[in-house]
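Enquirer: First, the structure itself, so that you have it in front of you.
The values are calculated or read from the model by the stated rules, or taken from the named source; none is laboratory data. Everything quoted here is computed from the prediction, not taken from an experiment. Ideal geometry is used to build each Cβ from the backbone, glycine not excepted, and the neighbour counts take in all protein chains shown.
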């Protein structure tokens, strides 16, 4: 029988059977969650525990790398052989950027062009930089699009040019295995050397021995 209270002018009716149903439903949900929670959480906890209990093969707190720009010039010019848009690149240091001079063919006219390669970054085994202060020798401005089109004409599968932004991204996954975690903190350049400071990094395992990873995507 329902229990009825009278409060003022209102009648409050209590159904014992309904309350028992609600309590049973809550109890059943609690029991189900109690047994399912370990099944859902165990894989996550195992992965987290494994990352803490399995130290990398090697790690470092920082790394200072010096690149000789004369050697870099030779390798870059060799890679660009056969291009009719950009050729004969020369590099020198300019503080936190690199100054580059190259011959660019724009609308059939060849001109010696200077520009800065700044904001040098390394993420997910891809190195990128921004081209700025594009100018012809003598100080006359040159459309950055001319350099962008020249780089795109190389049709290299390792290089992507973001037209309009002056950003170039080069895929280094051929030389940096997925087991290596490394990032650039800052860059400083002297006249003929590029100094790169890397932040903390690690080598999780010998190359080819670590777990497979999805390729990095630079399309977005």
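Enquirer: Counting only residues that are part of a strand (DSSP E or B) and at pLDDT below 85, which one in region 104-122 is nearest to the chain's Cα centre (by Cα)?
Expert: First, the residues of region 104-122 that are part of a strand (DSSP E or B): 104-106, 109-122.
Next cut, at pLDDT below 85 only: 104-106, 109-111.
On the way: 104: 30, 105: 32, 106: 32, 109: 37, 110: 35, 111: 34 Å.
Filtering first and then ranking leaves 104.
Enquirer: Something else now. So which of 69, 98, 122 ends up being touching a residue at least 40 places away in the same chain (Cβ under 8 Å), in the same structural domain as residue 167 (by TED's automatic domain parsing) and over 23 Å from residue 173 (Cβ atoms)?
Expert: Checking each option against the conditions leaves just 69.
Enquirer: Can you find, within region 123-138, the residue that is nearest to the chain's Cα centre (by Cα) among those that are assigned to a loop (DSSP other than H, G, I, E, B) and at pLDDT 85 or above? So that I can check it myself, show each step before the final result.
Expert: Of the residues in region 123-138, the ones assigned to a loop (DSSP other than H, G, I, E, B) are 124-125, 137-138.
Pick out the ones that are also at pLDDT 85 or above and you get 124-125.
Working: 124: 4, 125: 7 Å.
My answer is 124.
Enquirer: Do we have any residue at all in region 155-174 that's farther than 27 Å from residue 195 by Cβ and surrounded by 16 or more Cβ atoms within 10 Å (Cβ to Cβ)?
Expert: No, region 155-174 contains no residue that is farther than 27 Å from residue 195 by Cβ and surrounded by 16 or more Cβ atoms within 10 Å (Cβ to Cβ).
Enquirer: Among the residues of region 139-147, are any under 27 Å from residue 86 (Cβ atoms), at pLDDT 90 or above and part of a strand (DSSP E or B)?
Expert: The initial filter retains those residues of region 139-147 that are under 27 Å from residue 86 (Cβ atoms), namely 139-147.
Then drop every residue that is not at pLDDT 90 or above, which leaves none.
No, every residue in region 139-147 fails to be under 27 Å from residue 86 (Cβ atoms), at pLDDT 90 or above and part of a strand (DSSP E or B).
Enquirer: If I ask for residues that are under 28 Å from the mean Cα position of the chain (by Cα), surrounded by fewer than 18 Cβ atoms within 10 Å (Cβ to Cβ) and in a strand (DSSP E or B), which ones from region 69-89 would you list?
Expert: 89
Enquirer: Given 93, 114, which one is in contact with a strand residue (DSSP E or B) (Cβ under 7 Å, 6 or more places away or on another chain) and farther than 22 Å from residue 183 by Cβ?
Expert: 114
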